[in-house]
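*Asks:* Here's a structure for you.
The values are calculated or read from the model by the stated rules, or taken from the named source; none is laboratory data. Because the structure is a prediction, the values reported are computed rather than measured. Backbone-built Cβ (ideal geometry, glycine too); neighbour counts: all protein chains shown.
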């Protein structure tokens, strides 16, 4: 039994998820592949969104996958870092915007 | 950034047998990954057989003004293997005899061969349909004697295919050396100035993109769109097509993969991206590669691995098209580089790219 929760080699086995439930697994991957096809957004834009979300949900597999995917698409490290700051700003902002609730409460209790 | 070839450094990996050993041991020997032979056997495509000869690729020498990190030739200023005029004369005879429609000169920097211009002039007289010179671009700006290469290419209606790893300076210089990007941009502008790469121009200018690290090239059409937009907006440069080429795990790229601990992951990526549909279009099936000393190979990669054609016709002096057609192609695990994703060849993808992320 492995001693850590994450093993980089497990990312390669993602497709095997379907082996234990072929129907749902297949539906998921079909949906997944459709999502990343070019639509109103380009595949490149979707890759950068995926990278930012991967950092927000802190998924090591996704970070590996979409860093590699970005490099394949010619996305520069500067573009990748910029997308992460968007994620970071929203994540930080999500904490800070709750400060309004704190301020409301303080004003009500002690205003 | 490398400054000397593996040959000059006396590296183990300068020896082709050492490279072939690495490619056959480890994950391929212990069965973790299938060998290329087993993989193509699954779809009944072994042995690979050569079809009608269409492309002659002549490597006129390994000398180059650059020492790129990914170079499968291990080319550089310190390489002295240069095709002589006598061998070129033999090549001219072969070009006349063969029914190939494309002649493809490569190196090294082919322009550094002292007989390069003579050879181009003579070969152009044969009247081959598509006459390609693979230029690294910087050679055009390396020395005054090369400044008029765009005019020379134009005069002989040469199809110029040039390397350009990225549309940004940082990524280009990382792979190909400091200052390469600026010189390449200037060279592309020089080529545009004489008509190369312009919309509707018969003077063909194509770019070759290959990844700057341990990852596979992305969708060729999407990359072409990005390259065209960036080069036009930033530098007013135009070109015709972009060829996305996969780095094969040999020579300096193999050295880089091992040194950066990326070798196994890269081989996994290649094997996972294996696309049986690419096999029937492999360039080795319609190409003959000729080395600086006149020996015949299935491709430029096999030339670097010193894997000669499996035929009695082994040298330019004994060229026999009939004997060569139908020969079994010599393969090893490096061949996975040409069957990954949409496939890879010196002319880019082998089949239209599949949409979506695999």
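*Asks:* Identify the residue in the stretch A:49-66 that is surrounded by fewer than 17 Cβ atoms within 10 Å (Cβ to Cβ) and closer than 27 Å to residue B:246 by Cα and, among all such residues, is nearest to the other protein chains (Cβ to nearest Cβ). Step through it out loud before you land on a result.
*Replies:* Initial filter on the stretch A:49-66 (surrounded by fewer than 17 Cβ atoms within 10 Å (Cβ to Cβ)): A:49, A:53, A:56-61, A:63-64.
Those still in the list that are closer than 27 Å to residue B:246 by Cα too: A:49, A:60-61, A:63-64.
Details: A:49: 13, A:60: 15, A:61: 13, A:63: 15, A:64: 10 Å.
It comes out as A:64.
*Asks:* Across the stretch A:33-48, what is the total count of residues that are part of a helix (DSSP H, G or I), within 7 Å of chain B (Cβ to nearest Cβ) and surrounded by fewer than 17 Cβ atoms within 10 Å (Cβ to Cβ)?
*Replies:* 1
*Asks:* Just the residues that are surrounded by fewer than 19 Cβ atoms within 10 Å (Cβ to Cβ) and in contact with a helix residue (DSSP H, G or I) (Cβ under 6 Å, 6 or more places away or on another chain), please, taken from the stretch A:81-90.
*Replies:* Kept after step one, since they are surrounded by fewer than 19 Cβ atoms within 10 Å (Cβ to Cβ), are these residues of the stretch A:81-90: A:81-82, A:84-90.
If the condition is that a residue be surrounded by fewer than 19 Cβ atoms within 10 Å (Cβ to Cβ) and in contact with a helix residue (DSSP H, G or I) (Cβ under 6 Å, 6 or more places away or on another chain), then A:84, A:86, A:87 are the ones that fit.
Every residue, every condition in (1) assigned to a helix (DSSP H, G or I); (2) modelled with pLDDT of 95 or more; (3) surrounded by 20 or more Cβ atoms within 10 Å (Cβ to Cβ), yes or no:
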site: B:198; (1), (2), (3): no, yes, no
site: B:211; (1), (2), (3): no, no, yes
site: B:229; (1), (2), (3): yes, yes, no
site: B:232; (1), (2), (3): yes, yes, no
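*Asks:* Mind telling me which of the residues A:70, A:74 ends up being outside any helix (DSSP H, G or I), within 14 Å of chain B (Cβ to nearest Cβ) and either under 25 Å from residue B:268 (Cα atoms) or modelled with pLDDT of 95 or more (or both)? Explain how you work it out, then say what you get.
*Replies:* Details: A:70 fails: outside any helix (DSSP H, G or I).
Just one listed residue meets the conditions, A:74.
*Asks:* Next question, about the same structure. Quick check on this structure: which one of B:226, B:234 is closer than 22 Å to residue A:47 by Cα and touching a residue at least 40 places away in the same chain (Cβ under 8 Å)? Break it down stepwise before answering.
*Replies:* On the way: B:234 fails: closer than 22 Å to residue A:47 by Cα.
So the residue among B:226, B:234 that is closer than 22 Å to residue A:47 by Cα and touching a residue at least 40 places away in the same chain (Cβ under 8 Å) is B:226.
*Asks:* When the residues of the stretch B:238-281 are filtered to those that are touching a strand residue (DSSP E or B) at 6+ places or on another chain (Cβ under 8 Å) and under 24 Å from residue B:17 (Cβ atoms), which remaining residue is nearest to the other protein chains (Cβ to nearest Cβ)?
*Replies:* B:246
*Asks:* Shifting gears a bit: Quick one: which residue in B:141, B:134 is touching a helix residue (DSSP H, G or I) at 6+ places or on another chain (Cβ under 6 Å), at pLDDT 90 or above and either closer than 29 Å to residue B:118 by Cβ or within 14 Å of another protein chain (Cβ to nearest Cβ) (or both)?
*Replies:* The unique qualifying residue is B:141.
*Asks:* Can you find, within the stretch B:54-74, the residue that is surrounded by the fewest Cβ atoms within 10 Å (Cβ to Cβ) among those that are touching a strand residue (DSSP E or B) at 6+ places or on another chain (Cβ under 7 Å) and more than 11 Å from residue B:112 (Cα to Cα)?
*Replies:* First pass over the stretch B:54-74, keeping only residues touching a strand residue (DSSP E or B) at 6+ places or on another chain (Cβ under 7 Å): B:54-61, B:63-64, B:67.
Those left that are additionally more than 11 Å from residue B:112 (Cα to Cα): B:54-59, B:67.
Working: B:54: 17, B:55: 21, B:56: 22, B:57: 22, B:58: 26, B:59: 26, B:67: 22.
Only one residue fits best here, namely B:54.
*Asks:* Among the helices (runs of 4 or more DSSP H) confined wholly to the stretch B:63-164, which include 3 or more residues that are without any contact (Cβ under 8 Å) to a residue 60 or more places away in the chain?
*Replies:* Fully inside the stretch B:63-164 and qualifying: B:85-97, B:116-125, B:149-155.
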